[in-house]
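Please treat every number below as a calculation from the coordinates, not as lab data. No experiment lies behind these values; they were computed from the predicted model shown. Cβ atoms come from the backbone with ideal geometry, glycine included; neighbour counts cover every protein chain shown.
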């Protein structure tokens, strides 16, 4: 009996060791390869790296680890309005909301704060990386605590991966600070029915590495979480243009994981407060018509859904998007 038990323990150890060895191999050698510019007809349609509206000076807030986080702010012409925290999409920074943020403030609809998420912007601590999975949620909680007024309603607005981070935030430890959410073509998961293959050519995903790191993390092994798992197909012209140096072209495993809903994304969706979702019928990365059936199954009563005639990037500044947000904010009061 003792000999049989010993053999069983040895076999289990060999099996575990083999699993970890394979996972480590996938993590080390299954990277995304060199960045590729998008092929003709693939990727996102960029109108240029700089939004049309004028920029505003960057301010800073200290995160809980003492690292300064940059943000832009547009204050409403009216008092007693909600605070909208606008979360940018993958690869870019808070300047994405120069037009929308200024317009919401000028119309007296909201105060707007648009951070450069950790790992992004003009001078991040480490571009494309964070310190641990979940740090972006902690950063948003610190930003809200530093910028929201007493008793001010807090609404998270996010575009693309930023929308995915809003969904993740709702399902996490800080979800209780949210009074509402505005999702502009949000990323849910790579295998969600809303996502086109490789996000329409925008994302170059190292799936073998992600699988290997996911296995290692399930055993509490996080030493390789700094490895890159995704690269973005920025057009060379965007990177070479003024402002292109602030683009972030690749993400580590821990940043990429932090930026998206959890694998059980319907559970995060179910935790959303009242929300508005706007998507473009010409979206290159996501299937706009798939959002409502996919998300209403998890959150049947909390959301409003609007489709506009726009692509993935220009949905942010589309006039119909602004009209939908204006009407939704009016109903929320």
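Quick check: pseudo-label points 7 Å beyond the Cα along Cα→Cβ at residue 309 and residue 122, how many nm apart are they?
Label at residue 309, label at residue 122, 3.8 nm between them.
For a quick check: sort 320, 151, 314 by the number of other beta carbons within 10 angstrom, fewest at the front.
Fewest to most other Cβ atoms nearby, the residues stand as 151, 320, 314.
Please report the relative contact order for region 185-324, taking Cα pairs under 8 Å with a sequence separation of at least 6, and give it as a percent rounded to a whole number.
It comes to 28 percent, rounded to a whole number.
State the Cα centre-to-centre distance between region 276-312 and region 96-128 in whole Å.
23 Å
Run the simple label-point estimate for residue 151 and residue 29 please: 7 Å along Cα→C-beta, distance reported in nm.
6.4 nm
Where the convex hull is taken over the Cα atoms of region 118-212, what is its projected area averaged over directions, in nm²?
7.6 nm²
Mind sorting 322, 286 by how few other Cβ atoms lie within 10 Å of their own Cβ, fewest first?
Least to most surrounded, the residues fall as 322, 286.
Sorting 62, 169 on the 10 Å Cβ count, fewest up front, what's the list?
62, 169
Normalise the Debye intensity by I(0) for region 31-332, one equal point scatterer per Cα, no solvent, then take log10 at q = 0.09 Å⁻¹ and round to two decimals.
For region 31-332 at q = 0.09 Å⁻¹, log10 I(q)/I(0) is -0.39.
For n ≥ 4 DSSP H runs only, could you compute -39500 (n - 2.57) per run for the chain, divide by its residues and tell me the 222 nm figure to the nearest 500?
So the helix-based figure for the chain works out to -10000 deg cm²/dmol.
With r as the distance between the Cβ atoms of residue 239 and residue 78 and R0 = 30 Å, compute the FRET efficiency 1/(1 + (r/R0)^6) and round to 0.05.
Rounded to the nearest 0.05, the efficiency is 0.15.
How high is the relative contact order of region 31-332, in percent, counting Cα pairs under 8 Å that sit 6 or more residues apart?
22 percent
If a paramagnetic tag sat 7 Å from the Cα of residue 267 along the Cα-Cβ line, which residues of region 169-189 would have the backbone N under 13 Å from that point?
Residues passing the 13 Å test: 171-173.
If you take the beta carbon distance between residue 320 and residue 45 as r and set R0 to 22 Å, what does 1/(1 + (r/R0)^6) give as a FRET efficiency, to the nearest 0.05?
So, using R0 = 22 Å, E works out to roughly 0.80.
Could you give the length gained on full extension between residue 106 and residue 333, defined as 0.36 nm per residue of separation minus the Cα-Cα distance, in nm?
Stretched out fully, the residue 106 to residue 333 stretch lengthens by 79.9 nm.
Mind ordering 72-80, 265-273 by average Cβ neighbours within 10 Å, highest first?
265-273, 72-80
Using the alpha-carbon atoms, what tilt in degrees (0 to 90, nearest 10) does helix 2-29 show relative to the longest principal axis of the chain?
That helix lies at roughly 40 degrees to the long axis.
Which percent, to the nearest 5, of DSSP beta bridges fully inside the chain are antiparallel?
40 percent
Expressed as an acute angle from 0 to 90° and rounded to the nearest 10, what is the orientation of the C-alpha long axis of helix 161-170 relative to the principal long axis of the chain?
It is inclined by approximately 80 degrees.
Tilt of helix 319-332 relative to the longest C-alpha principal axis of the chain, in degrees (0 to 90, nearest 10)?
90 degrees
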